[in-house]
Amino acid sequence: MTASSGFPDDRRISELLAEFRRTLPPGRVTLADTMAALGDRTIGGILLVLAIPTVMPVPLGVSVLFNLPVLLFTFQMMRGGGTVTLPPWLLGRSLSSEAAAGMIDGILPRLRLIERMLSPRLHRLTTAGFERWLGVICFGMAVIAITPLPLIGWLPGFGLIIIALGLIEHDGLAVAVGLGFAVAAVIFAAGLVISLSYAETLWRMLPVSVL
């Protein structure tokens with residue numbers, strides 16, 4: 001399955017997801033099902049779908065399920081060309097309909113709030129010419145999100161979602177805000193790693209009698 005940079009459907013992502021929520025297939029929902037529900041296979045739409053689990057309180061392992069597709073997807077964005085492809089074995093990965101419904105119910109109010117603030121502007125940041133550089137940044141954010149440290153995935157996850165919405169709505173300002181989240185994620189991750197390293201050093205320096 002491939003994704004292009006266009007988004008001809010005039011409905012917003014929140015409307016498409018709400019419709020998908022009402023017609024969820026019984027049993028399990030695949031990544032391909034979710035992407036098909038978005039209509040056109042856009043880069044922003046697929047990035048949004050892949051990034052949502054990183055900021056949701058989902059069952060153990062569900063977020064990890066989507067981390068590899070995010071990495072592959074953003075890696076292909078780095079290569080440019082205007083299209084990206086996910087392999088069939090990833091598109092067939094699934095989660096229960098109940099878990100999918102919970103994620104959609106949790107994200108829809110936030111999406112609608114953000115969408116009310118979006119409008120087409122600063123188009124240069126949403127064009128295919130900027131896609132490669134945006135892919136580099138998104139790939140870095142995906143690497144941070146997959147790092148197994150507490151709370152480290154939230155900032156890059158929100159950044160990826162805002163960038164995705166900016167691409168969908170052709171709102172360069174939203175993309176710029178998402179890039180700001182990328183900077184904050186790097187600072188937070190570096191600070192967390194340094195703090196944990198410092199705490200480990202202090203722990204090793206404690207005398208055995210104290211331990």
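None of the figures in this text is laboratory data; all of them are computed from the coordinates on show. These numbers come from a predicted model, not from an experiment. Cβ: placed from backbone, ideal geometry, glycine included. Neighbour counts: every protein chain shown.
Note that the stretch 114-208 shows a convex hull volume over its alpha carbon atoms of 87 Å³ per residue. The slack in the chain from Arg93 to Phe130, taken as 0.36 nm per residue of separation less the alpha-carbon distance, amounts to 10.3 nm. Rounded if a/c is under 1.5, else prolate if a/b is larger than b/c, else oblate: which is the stretch 99-147, with a ≥ b ≥ c the root eigenvalues of its Cα gyration tensor? Oblate, since a/c reaches 1.5 and b/c is not below a/b.
If I take R0 = 30 Å and measure r between the Cβ atoms of Ala32 and His123 in this structure, what FRET efficiency does the formula 1/(1 + (r/R0)^6) give, to the nearest 0.05?
Calculated transfer efficiency: 0.50.
Here the label points at Trp154 and Asp10, each 7 Å from Cα along the C-beta direction, are separated by 3.9 nm in the simple model. Max-minus-min Cα coordinates of the stretch 68-167 on each principal axis give 39, 34, 28 Å, with the largest extent listed first.
Between Arg121 and Asp171, Gly172, Leu173, the built amide H atoms are under 5 Å apart, and every one of these is 5 or more places off in sequence or on another chain.
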